[in-house]
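These notes concern the structure reproduced below.
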Amino acid sequence: MTVVTLGVHIVDVLARPVESIPEGQDTHLLEQIRITAAGAAAGTAVGLAGLGVPVASMGAVGADELGDFLIMVMARHGVDVTGIVRKESEQTAASILPIRPDGGRPSFHVPGANLTLATTDLDRDRVTGARVVHLGGMDVTWGLHDPGFLALLAEAREAGTIVTMDLLSNIPDLMQGARIFLPYVDYLLPNEEQALMMSGTTDVEQAALALLAEGPGAVLVTLGAEGSLVATASGLTRVPALDVPVVDTTGCGDAYCAGFITGLVDGREVVDAAGLGTALAARVAGGLGSDAGLAGARELRASA
């Protein structure tokens, strides 16, 4: 596989537009309800497959109907799912997302099997043989916070694998815990809130530079409607967002990661790769769910 995405796999149930939760047993009629494969590893894998990049995903799901669904949907998108393990005693991670009219997305979440993913669940040869390994949600995959997994990342990088990392939560303690991976990462892709929490600073540019000093070759901070900030040894570059109507922001970060990784696979420079990530994120924002807007993604890759 060209890319291995490794980490968080979630089933999302999304509904829009939701302005309030009904009182008692009342019912609100909506325009749309969808169920999708999501999470910082699964969502990025689906985006990569949509762009035409060969991708395998590794993670943990329950031996339940939600797990059956997630694996089926990912495979339908073209992701190699043979590296996803089934946990008999756990449920598949899932979220319920009532999407507001402005695209905002509060959530109800069960972390499930993601918390049990361990180094022994992984195919070491696939990790060390990948061109890119994307770590999705290392802040919540606590079973990978161990020396054995860090040694595996070091071995992969020695063999020439590029390692990228995205995060999932906005919990300060988890952000600090994820810092152990920074010396083993080539590209870090947090959102603004995560970057500030992880760095302990109050300014996004200072945060990007502080995180850059901890090991990555580049830090790309996504800023929502403000685009993204790219920090490298050469300095700071702002990449503007595209002006598009926003339906749902779910999965935009995963799409940005997928586009960025695709840019690296295609040999683009960091800022140009960030531009492809921005373009794919804009497409996803125009529909409901993390796989919205992927039709035509290959043409986007070819023309960007």
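What to note about this one:
- Under a model in which nothing but the beta-carbon of Lys, Arg (+1) and Asp, Glu (-1) is charged, the chain shows a dipole of about 600 debye around its Cα centre.
- Positive-pole candidate from 35, 25, 184, dipole of the chain, charges at beta carbon: 184
- Scoring 203-209, 32-38 by mean Cβ neighbours within 10 Å over their residues and listing the highest first yields 32-38, 203-209.
- By average C-beta atoms within 10 angstrom, highest first, the peptides 250-260, 40-50, 99-109, 17-27: 40-50, 250-260, 99-109, 17-27
- Where both bridge residues fall in the chain, DSSP classifies roughly 40% of the beta bridges as antiparallel.
- With all protein chains kept in place, the per residue accessible area of the chain amounts to 41 square angstrom at a probe of 1.4 angstrom.
- Global geometry of the range 95-190, whether rounded, prolate or oblate, following the gyration tensor of its Cα atoms and the 1.5 cut on a/c: prolate
- Among 167, 236, 153: highest mean-square fluctuation, GNM of the chain, C-alpha pairs under 10 Å: 236
- The chain: translational diffusion in µm²/s, Stokes-Einstein, Kirkwood Rh over Cα pairs, 4 °C, 1.567 mPa s: 68 µm²/s
- Using R0 = 30 Å, the C-beta based FRET efficiency linking residue 206 and residue 269 works out to 0.80.
- Converting phi to 3J(HN,Hα) with the Karplus coefficients 6.51, -1.76 and 1.60 and the offset θ = phi - 60°, the range 74-87 yields 4, 4, 4, 6, x, 8, 6, 9, 5, x, 8, 8, 9, 10 Hz in sequence order, with x at every glycine or proline.
- Sparsely packed loop sites in the range 224-304 (the GluC sites (Glu not before Pro) outside DSSP H, G, I, E and B with at most 14 other Cβ atoms within 10 Å) comprise 269.
- Of all accessible heavy-atom area on the chain, the percent that carbon and sulfur account for (1.4 Å): 52 percent
- Relative protection proxy for 71-78, 213-220, from highest mean packing down: 213-220, 71-78 (other beta-carbon atoms within 10 angstrom).
- Gyration tensor (alpha-carbon) shape descriptor, the range 1-77, a/c threshold 1.5: prolate
- A simple charge model with +1 on the Cβ of Lys and Arg, -1 on the Cβ of Asp and Glu and nothing else charged puts the dipole of the range 79-188 at about 220 debye relative to its Cα centre.
- Karplus-derived HN-Hα couplings along the range 170-186 (A = 6.51, B = -1.76, C = 1.60, θ = phi - 60°), whole Hz, x at Gly and Pro: 10, 9, x, 4, 5, 4, 5, x, 6, 5, 4, 7, 4, x, 10, 10, 8
- Prolate/oblate/rounded label for the range 30-187 (Cα gyration tensor, a/c 1.5): prolate
- Amide H to amide H distances under 5 Å link residue 90 with 63, where only residues 5 or more positions off or on other chains count and H is placed in the peptide plane.
- Amide H within-cut-off set for residue 228, under 5 Å, with H built and near neighbours excluded: 223, 239, 241
The values are calculated or read from the model by the stated rules, or taken from the named source; none is laboratory data. Remember, predicted model here, so these are calculated numbers, not experimental data. Using ideal geometry, Cβ is built from the backbone for each residue, glycine included, and neighbour counts are taken over all protein chains shown. SASA here: full protein model, heavy atoms, side chains in, ligands and nucleic acids out. Shrake-Rupley method; radii C 1.70, N 1.55, O 1.52, S 1.80 Å.
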